[in-house]
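One structure below.
The values are calculated or read from the model by the stated rules, or taken from the named source; none is laboratory data. Quick caveat, the model's predicted, so the values are computed rather than measured. Every residue, glycine as well, gets a Cβ built from its backbone with ideal geometry; the counts of neighbours run over all protein chains shown.
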Amino acid sequence: MAKDKTSELIEKRKKKANSLRDSHIDLFPNNFRVSHTIMDIRDALKKEPDRLTEDTPVFAVAGRIMAINRFGKAAFIRFTDRTGQFQAYVRRDRVGDESFGFFKLFDIGDFVGLKGGVFKTKTGEWTLLANEVRLLCKSTMPLPEKFHGLKDPEKRYRKRYIDLIMNPGVRDIFIKRSLIIQTVRRFLLERDFLEVETPMMQPIPGGAEAEPFITHHNALGIDLYLRIAPELYLKRLVIGGFERVFEVNRNFRNEGVSTQHNPEFTMLEFYQAYATYEDLMDLTEQMLRDVASSVTGSVIVNYQGSTINFDKKFKRMTLLSALETIGGVKPELIKNKEKLFEFASVKGINITKIARPGKVITKLFDVLVEPHLIQPTFITGYPVEVSPLSRRSDEDPAVTERFELFIAGKEIANGFSELNDPQDQKRRFLQQAEDRAAGDKEAHFMDEDYIEALEYGMPPTAGEGIGIDRLVMLLTDAASIREVIFFPHMKPKGSKPFSA
RNA sequence: GGGCCGUUAGCUCAACCAGGCAGAGCACCUGACUCUUAAUCAGUAGGUUGAAGGUGCGAUUCCGUCACGGCCCA
């Protein structure tokens, strides 16, 4: 909405701020010492309510005013700090005439410092009886309505701070997000994994099939890519002797946005030497069980109307058997390339010239099976063509020792025994390079330096990536990834986008 | 990229189908009020209806275009 004049509401709030300033009230002081949080007061009320009176002990507490009920010479205010919400009673005969006069100019949204004891109101609510009320920060922008809050999704995402002020549920989601990452970190640290950081800017973007963002380094005079995955660097660390490493950090993929995709997203990747993909499936089960119970208090989680059970042993099945039993695709069809491609076309899959059977089979799986995998399910037996970094199966060299984990119809994790044969790795990269030359923008780049690293020898290793945003969605019952990312990317609105 | 829906006061929403002075609640402002909690009572004020066009005597309403967003599909 283009508007050149400030609304009357804002003007009035600014006037109040000016009139306080004219009375020599500091609008932005920083000398109020907080002695207690709201939670501290509540704890004290729980533990020793008999010892608390309206005179002693005195709590010095601060927060943002969320509601004011004024009664002429007294007022109730509701205020919040990081630990919760509490009520204070401000009486003129208690705080003094001058202070009460200034208090009349306080608005919803202002920060206040309060000092006083506690008492119980007629309706039985514990309330802080203020001896002192001080302005800690004047707010000139009006907050949304207290009852309905802020609902407009566009404004919620663009101005997340208002969303956080008004909608406590949003705050809870992000607290849970933090707890999930902490729990994952603790889980891995307990198992002797080392947390590391590897380049976000890479000369060759590797480790995934995705289109990268490109940037330029002036001093080095080279283009760099924002990483699409940390994989090849983490494996270089395994080669260097760090047998167990993990990284929780951002990946960037230059793709569309949707309820399931944000151009930057958070991925956990971890690598364990002398382990197999089967070991990692076991580890993943334990990790998710641990995270689910730490964060939600239960191993049974409700997600968008489904009940997800993290307690039972996760199902395991191969890609082909899932296609047959869940997708209803007959094994004969998969063996016949022509019929397979025809069938895939009918199912709406875009068969390009470069399509390889393994790719088509995987796409068919995405369409026919993935949405039906509600309970945690490991799918194994991925074709070698779609798994250029995975070790081949000893039984069948056409498939790899790889799994993906699906929960609630979403891909949550992808792990495999790592390919550590440099010659085979080189052949796989060459095949990818062919696909890239044929127009597949998502095919892997050749990375000679990585091949050389493998030639020094990487111990047998298994590695895995877990999409943290999707895991957070699952555990917070969020339908859109935008609900679990503080500042999801959107097109700029109003002013013209910045350009250098 | 395609389909459907949305954009009206600071916020949440009406009015649009079937064109005729753009309304309400909360918030704000004035007054009353020292136990409220979506406080109450009385009064006042607040609008370039996302943008620029078209049709009409008249457009928030009908038409096409654009911008941004939501959901679904690719």
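Select from region A:112-127 the residues that are near RNA strand B (Cβ under 6 Å from one of its atoms), over 18 Å from A:GLY63 (Cβ atoms) and among the charged types (D, E, K, R) and list them in ascending order. Within region A:112-127, just A:LYS122 meets the criteria.
Note on region A:281-329: residues that are in contact (Cβ under 8 Å) with a residue 24 or more places away in the chain and on the phi > 0 side of the Ramachandran plot total 2. Would a scan of region A:285-297 turn up a residue that is more than 31 Å from the chain's Cα centre (by Cα) and surrounded by fewer than 18 Cβ atoms within 10 Å (Cβ to Cβ)? For region A:285-297, residues more than 31 Å from the chain's Cα centre (by Cα) and surrounded by fewer than 18 Cβ atoms within 10 Å (Cβ to Cβ): absent.
Among the residues of region A:27-52, those that are in contact (Cβ under 8 Å) with a residue 12 or more places away in the chain and of a type in the set (D, E, K, R) comprise A:ARG33, A:ASP40, A:ARG42. Of all the listed residues (A:LEU340, A:LEU364, A:LEU333), the sole one being over 26 Å from the mean Cα position of the chain (by Cα), at pLDDT below 95, within 14 Å of RNA strand B (Cβ to nearest atom) and surrounded by 14 or more Cβ atoms within 10 Å (Cβ to Cβ) is A:LEU364.
Inside region A:128-181, residues that are surrounded by fewer than 16 Cβ atoms within 10 Å (Cβ to Cβ), within 12 Å of RNA strand B (Cβ to nearest atom) and not charged (D, E, K, R) make up a count of 5. If the condition is being near RNA strand B (Cβ under 10 Å from one of its atoms) and modelled with pLDDT under 95, then region A:41-69 contributes only A:GLU54. The single condition among (1) loosely packed, with under 15 Cβ neighbours inside 10 Å; (2) assigned by TED's automatic domain parsing to the domain that holds A:LEU224; (3) more than 23 Å from A:ARG250 (Cα to Cα) that A:GLN432 does not satisfy is (1).
Residue-wise test of (1) away from RNA strand B (no atom under 16 Å from the Cβ); (2) under 16 Å from A:ASN131 (Cα atoms); (3) surrounded by 11 or more Cβ atoms within 10 Å (Cβ to Cβ).
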| residue | (1), (2), (3) |
| --- | --- |
| A:GLU8 | no, no, no |
| A:ASP22 | no, no, no |
| A:LEU27 | no, no, yes |
| A:MET39 | yes, no, yes |
| A:VAL95 | no, yes, yes |
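For A:THR266, the conditions (1) polar (S, T, N, Q); (2) surrounded by fewer than 23 Cβ atoms within 10 Å (Cβ to Cβ); (3) over 15 Å from the mean Cα position of the chain (by Cα) are fulfilled apart from (3). From the list A:VAL257, A:VAL301, A:VAL248, the one residue that fits, being outside any helix (DSSP H, G or I) and at pLDDT below 95, is A:VAL257. Got at least one residue in region A:403-416 being within 16 Å of RNA strand B (Cβ to nearest atom), out of contact with any Phe, Trp or Tyr (no Cβ under 9 Å at 6 or more places or on another chain) and of a type outside the set (Gly, Ala, Ser)? Yes, region A:403-416 has at least one match. Here is a list of conditions, (1) within 16 Å of RNA strand B (Cβ to nearest atom); (2) within 37 Å of the chain's Cα centre (by Cα); (3) exposed (fewer than 13 other Cβ atoms within 10 Å of the Cβ), and A:PHE86 meets all of them except one; can you say which number that is? All conditions are met except number (3).
Against the test of being under 15 Å from A:GLU269 (Cβ atoms) and not in a strand (DSSP E or B), the options A:PRO205, A:PRO212 yield a single qualifying residue, A:PRO205. Residues that are out of contact with any Leu (no Cβ under 8 Å at 6 or more places or on another chain) and at pLDDT 95 or above were ranked within region A:406-443; the one that is nearest to A:MET287 (Cα to Cα) is A:SER417.
Conditions tested, residue by residue: (1) of a type outside the set (A, V, I, L, M); (2) at pLDDT 95 or above; (3) on the phi < 0 side of the Ramachandran plot.
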| residue | (1), (2), (3) |
| --- | --- |
| A:ASP4 | yes, no, yes |
| A:ARG13 | yes, no, yes |
| A:ASN31 | yes, yes, yes |
| A:VAL34 | no, yes, yes |
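A:TYR303 versus (1) buried (at least 17 other Cβ atoms within 10 Å of the Cβ); (2) closer than 27 Å to A:LEU280 by Cβ; (3) away from RNA strand B (no atom under 16 Å from the Cβ): which is the lone unmet condition? Answer for A:TYR303: the failing condition is (3).
Taking each residue of region A:134-151 that is closer than 16 Å to A:ARG171 by Cβ and looking for partners that are more than 6 Å from RNA strand B (Cβ to nearest atom) and of a type in the set (D, E, K, R) with beta-carbon atoms closer than 7 Å, six or more apart or interchain, yields A:LEU150/A:ARG156; A:LEU150/A:ASP163.
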